[in-house]
Amino acid sequence: MVKFFETNFSYDYQWPAVTLAYFLRYPNPYSTHVVSSDTLSSFVNPETGNLHITRLHLKRGKLPASVARFIPKIKESYILERSVIDARNQRMCTESRNLDWEGVLSVVENQEYVPAADPARTDVKTIVKFESRLGHRKREEEKRGFFQGWGTSGVRASLEVVGRSRMRDGLMKSREGMKLVLEQLRERGFVGV
Amino acid sequence: MSASLAPECSEAKERYDTCFINWYSEKYLRGQTKPSKECEELFEIYKTCLNKALKEKGIYDMIEEARKTGPEIRATSKR
């Protein structure tokens, strides 16, 4: 795992509303590239009371040229999103990963949502990492493997050139989308718990 | 509500989503954190439709594999 990007942000809404907005965030005008969202599983752990949700999103859009060089022809990608909500302790952790590069390299985004020091606000920490499946195997295998010569570092270097600004744009858009959904929730009278 | 990957499942999805959002906002977030069967039946209908579509698109196995192999994420109570 190589950490690539980390950022903090606060929403001007209480934690319960922000978590609800997270599940309702598609569709919004900032997410026109998100074609669909489906729930694959949803269950409450009887011991912890934590809610575990797995969803599948389909996003459309070309990859940055530097990445397409490695993984051509992808014009849409499946995103697996896993989240755990701990309502008792007011904490939500999410993980999103693209499935199309599975077996080669994944970009994994982790977020943690907790109430801010001012409980009317919610803090979000976002960390984006690269995860190479190859790195999970023994080094010897990797050296002999098909992907010899362009491992994590090569792709990472390419991604870094264009990746950071795109990632910032993407995060900005997802925040704006969340804010719109939060505004709608407030208008409909959802003010929290 | 967002669309389903499989248009034929959209109606089942919308019924389930509505149930889930109601349960989540009215009960779970308000402290009823025990497992609930409230939306189970609607989810089964939706899931049956969706799994069929995922298999037809040939992505069912890929998704199952990814769900199994990814690291567990957990919300700990450490604060």
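One table, with the values for the structure above:
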{"quantity": "Subset of region B:1-14 (residues that are assigned to a helix (DSSP H, G or I), open to solvent by less than 50 Å² (accessible area, probe 1.4 Å) and within 10 Å of chain A (Cβ to nearest Cβ))", "calculated": "B:9, B:10, B:13"}
{"quantity": "Residues located in region A:89-112, provided they are in contact with a helix residue (DSSP H, G or I) (Cβ under 6 Å, 6 or more places away or on another chain), modelled with pLDDT of 95 or more and open to solvent by less than 30 Å² (accessible area, probe 1.4 Å)", "calculated": "A:92"}
{"quantity": "Pairs, first more than 9 Å from chain A (Cβ to nearest Cβ) in region B:26-54, second charged (D, E, K, R), C-beta under 6 Å, six or more apart", "calculated": "B:42/B:15"}
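Residues are listed down the side, and each one gets a yes or a no for (1) modelled with pLDDT of 95 or more; (2) open to solvent by less than 90 Å² (accessible area, probe 1.4 Å):
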site: B:16; (1), (2): yes, yes
site: B:56; (1), (2): yes, no
site: B:66; (1), (2): no, yes
site: B:76; (1), (2): no, yes
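The values are calculated or read from the model by the stated rules, or taken from the named source; none is laboratory data. Please read these numbers as outputs of a predicted model, since none were measured by experiment. Glycine also receives a Cβ, built like all others from the backbone with ideal geometry; neighbour counts cover every protein chain displayed. Side chains included, ligands, DNA and RNA excluded: accessible areas come from the protein's heavy atoms. Shrake-Rupley method; radii C 1.70, N 1.55, O 1.52, S 1.80 Å.
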